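> Could you have a look at this structure, given as C-alpha cells, before my questions?
Each value in this text was obtained by applying a stated rule to the coordinates, not by laboratory testing. Everything numeric in this text was worked out from a predicted model, so none of it was measured. Neighbour counts run over all protein chains shown; Cβ positions are idealised from the backbone, glycine included.
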Amino acid sequence: MFNFLFRWKKYPEFWQEYLRHFDHSWSKKTPIEEVRFVVVDTETTGLDPSKDKLLSIAAAAVVNRQLLLEDSFECYVAQHVNTGGNAPVHGILQKEMEQGLTEAEALRQFLAFCKDAVIVGHHIGFDKAMLNQALKNAGAGKLKNKFVDTARLAVRVEHPFERYNVVYLPGEFGLDALSKRFNIPDQERHTAAGDVYITAILFLKLLARVQKRGNRTLGELLSYDG
C-alpha cells in the first residue's frame, strides 16, 4: 500500500523508513506489558501549530510497567526566533536553540527513536499537532502512531461511570494538579525532559489502576481514552 502511494508522491527517506515499522505493529489484542509506549513532550514558541515552532522534543520509553531512562531521546531545535520572555518558562536559552538540530534532522531522529510505539502525553493533541505541522513542512505525512492522553485517561480513571458527562473544575486534570494528587515530584516542570518524566510516572500510576480493573490489552487501554 505504502509503495503504491510512493509512486504518486516522493516522501523523504526518513519518513519512508518510519512507515516500515507499521507493517507489523501492535494490535488491539497485544498485552499491555508487551507494548512499547513512548512518553512525549515538546516545547514551542507558542500555542498555534500553524505559525509557532518546535524548540525542543523529549521522549522516554515505558515497557512492562517500567520507565526506561536509558531508552530516551531529547534534542533542541534550531529556530531563528527570539525566545524573549518565554525563556524562563521552558528553560531554553537563545544559544541552546541556535546550536540545536535543524527541524528536519530533529524529526528524523525523533521518528527513528519512536518507531511504531504508542505515544503518550499530557494533552497530547497539542504536541501531535505541532509535530504534524513540522512534518508537513518537511514534506512528510502525519504521525501514524496510536496515542494515549494522560489527561483524558485520568478523567476516565477517576470517573469510571461517567464517560461523557464528567464535570470538573478548571485545572483539576492539569499536570500540576495531578502531580499533587498522585504525589509526583514536580522538579524540572516546564522543560520537555522534566514534563516527560512527570507524565511517565503519572501514566504508570494510571496504568496500574486500569490493569487492576482487569484491562489487560492495548485495545482495552485505548478504550479508556475514547
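> Quick check: residue separation of Asn132 and Leu47 times 0.36 nm, minus the Cα distance between them. What number comes out in nm?
My answer for the length gained is 29.2 nm.
> Apply 1/(1 + (r/R0)^6) to the Cβ-Cβ distance of Asn64 and Ser223, taking R0 = 25 Å, and write down the FRET efficiency to the nearest 0.05.
0.75
> What FRET efficiency do you get for His159 and Asn183 if R0 is 25 Å and r is their Cβ-Cβ distance, rounded to the nearest 0.05?
E(calc), rounded to 0.05, equals 0.80.
> OK, next. Below 12 angstrom from the Cβ of Gly219, what's the summed charge of the other residues (Lys, Arg +1; Asp, Glu -1)?
Here the charged neighbours net out to +2.
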